[in-house]
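Derivation of every value follows stated rules applied to the coordinates shown; laboratory data play no part. From a predicted model like this one, the values you see are computed outputs, not experimental measurements. Cβ placement follows ideal geometry from the backbone for every residue including glycine, while neighbour counts extend to all protein chains displayed.
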Amino acid sequence: MARPPRPRRALAAEIAAAIRGGAYRAGEWLRQVDLEERFGATRFDIRAALAELALRQTVEHVPNRGFRVATPDRQRIRDMLAVRALLEVEAALTALPQLDAAALRLLEAKADAFDRAVAEGTPASQSATNLDFHDTLYGFSPNRALVEVATETRDRARLWPLVLWPSMQSLRRSAEGHREILAALRAGDAARVAASVRSHILGSAANQPVEEG
């Protein structure tokens, strides 16, 4: 039975998530027939998604060879992180006026979920609950285009595989960062919100390229 067409960007996001999750290693060649089977997509759609990921430098296209997972460019990751901070700060600031008591309780519940994942969860649950906190906050922004670009930039800048935090201490610092963002949101202090989001993104060990010795 013929496979239905898949939207290029959605399929690219699924493949990128698999790469960040450790399903494929840096430098590994991606066999299109395997991707077709794994993601239930046509050859045409897989090629379109890989071309999209090549533009994002998530994969590399080698003429006459195919596509392979790109090796992270650490300076590019740092540059993308700076852009990410600008976008996510703006997303948080545009969300701020929309936050009522119920929204703040929801965000606190998301922060609690990350705290539990830090204490007793898996790396996958830690990553998922961390992203859920941020996505929930930015979801209150009325500027959907801003949120879309911020999320896409975050996904392009994030390190992979999935294990992002190098230590329990770094995980706890991320949890503390969520609490500082929450406190700033509750206070309705735009300058404090901007500073806390920027510090959380730029200071998190999860976002810092590790220099190879």
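For the reader, a short list of remarks on this structure follows.
- Using R0 = 22 Å, the C-beta based FRET efficiency linking residue 26 and residue 124 works out to 0.65.
- Dipole moment magnitude, nearest 20 debye, the range 8-69 about Cα centre, only Lys, Arg, Asp, Glu C-beta charged: 140
- Treating each Cα of the range 71-147 as one equal point scatterer and applying the Debye formula with no solvent, the log10 of I(q)/I(0) at q = 0.18 Å⁻¹ comes out as -0.85.
- Residue exposure proxy: 140, 39, 67, ordered by other Cβ atoms within 10 angstrom of their Cβ from fewest to most, comes out as 39, 140, 67.
- Arranged from fewest to most other beta-carbon atoms within 10 Å of their beta carbon, 29, 165 become 29, 165.
- Its convex hull of Cα atoms gives the range 8-69 a direction-averaged projected area, equal to a quarter of the hull surface, of 3.6 nm².
- Spacing of the two label points (7 Å from each Cα toward its C-beta) at residue 56 and residue 93, in nm: 2.6
- Summed over qualifying helices (DSSP H, 4 residues or more, each -39500 (n - 2.57)) and divided by its residue number, the chain shows a 222 nm mean residue ellipticity of -21500 deg cm²/dmol.
- Fewest-first sequence of 46, 77, 19 by Cβ atoms within 10 Å of each Cβ: 77, 19, 46
- Volume in Å³ per residue [convex hull over Cα atoms, computed for the chain]: 137
- Residue (of 23, 42, 67) at the positive-pole extreme of the range 8-69, dipole from beta-carbon charges: 67
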